[in-house]
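Read through the structure below, which is laid out as structure tokens, and then see the notes.
The values are calculated or read from the model by the stated rules, or taken from the named source; none is laboratory data. As the structure is a prediction and not an experimental result, all values here were calculated from the model. Cβ atoms come from the backbone with ideal geometry, glycine included; neighbour counts cover every protein chain shown.
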Amino acid sequence: MERLTETVLRHAQGQPEGSPVLPKGLLHLGRRAAVDQALSRLVRRGALLRAGRGVYVLPVESRFGRRAPSVDKTVEGLAAARGERVANSGAMAANVLGLTTQVPVGRVYLTSGPSRTLKLGHERIELHHAPEWQLVLPGRRAGEAVRALAWLGRDKAGGAAEVVRQRLSEDEQRELGSVSAQMPGWLAGPVSTVAHG
């Protein structure tokens, strides 16, 4: 068992920062029960952090001590490992575009996967399941515009469309236009306004 524990640790150490260590991804090393025990041992030793149910990450060693890995890298790594699409929440997107000065208290992301909560050190990260149209153009400013307008809601999205248009380049406006047909009816008008003026 100790040999499996060290093999799992070496596997985790060979991954980029924030890459999740998932039990299902380690089944080539041993049976599920043995892998689960190895992961539990590594968490008790402090060699791995348990970020959520079935999700482990390697802490980052620095000259200041041990810390949790980057939230963004961990969320991106988890999305890639599970084949999900992940994007900033509407509140985060609205903040990025300067539509609100409110800074979300916790980190919230939208995902095509199930809703769940992760914990990295003292930080709590929420992943909320969202419809596909809210996940268009992840990591792109045009996609942030969609999520920000959706977050503003039916009553305020139309009034904010021109402000959003001014915050996007012409290329970003065209990119937004390419996904306007995917929007629900109430959002199609504001998105079209941003994309085509």
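Given the criteria in the same structural domain as Ser192 (by TED's automatic domain parsing), polar (S, T, N, Q), crowded, with 18+ Cβ neighbours inside 10 Å and in contact with a helix residue (DSSP H, G or I) (Cβ under 8 Å, 6 or more places away or on another chain), does Gln102 qualify?
When the stated conditions are applied, Gln102 does not pass them.
With the requirement that a residue be in contact (Cβ under 8 Å) with a residue 24 or more places away in the chain and at negative phi, what does the stretch 53-71 give you?
Arg53, Val55, Tyr56, Val57, Leu58, Val60, Arg67, Ala68, Pro69, Ser70, Val71
Only one of (1) without any contact (Cβ under 8 Å) to a residue 12 or more places away in the chain; (2) at positive phi; (3) not basic (Lys, Arg) fails for Leu137. Which number is that?
It fails just one condition, (1).
Please go through the stretch 119-136 and give me each residue that is buried (at least 18 other Cβ atoms within 10 Å of the Cβ), modelled with pLDDT of 95 or more and out of contact with any Phe, Trp or Tyr (no Cβ under 8 Å at 6 or more places or on another chain), ordered by number.
Ala130, Gln134, Leu135, Val136
So if I check each of Ala94, Ala51, which one is of a type in the set (Gly, Ala, Ser) and assigned to a helix (DSSP H, G or I)?
Unique residue meeting the criteria: Ala94.
From the set of residues in the stretch 75-96 that are farther than 26 Å from Gly158 by Cα and surrounded by 20 or more Cβ atoms within 10 Å (Cβ to Cβ), which is nearest to the chain's Cα centre (by Cα)?
Ranking the candidates gives Val75 first.
Among all residue pairs at least 6 apart or on different chains, which show Cβ distances below 8 Å where the first residue, located in the stretch 76-96, is closer than 13 Å to Val146 by Cβ and in contact (Cβ under 8 Å) with a residue 60 or more places away in the chain and the second is among the basic types (Lys, Arg) and crowded, with 20+ Cβ neighbours inside 10 Å?
So the pair list comes out as Ala87/Arg147; Ser89/Arg147; Gly90/Arg147.
Does the stretch 41-59 hold any residues that are within 20 Å of Glu17 (Cα to Cα) and surrounded by fewer than 20 Cβ atoms within 10 Å (Cβ to Cβ), and which are they?
If the condition is that a residue be within 20 Å of Glu17 (Cα to Cα) and surrounded by fewer than 20 Cβ atoms within 10 Å (Cβ to Cβ), then Val43, Arg45, Gly46, Ala47, Arg50, Gly52, Arg53, Gly54, Pro59 are the ones that fit.
How many residues are in a strand (DSSP E or B) and either closer than 16 Å to Ala157 by Cβ or touching a residue at least 24 places away in the same chain (Cβ under 8 Å) (or both) when one looks only at the stretch 97-116?
5
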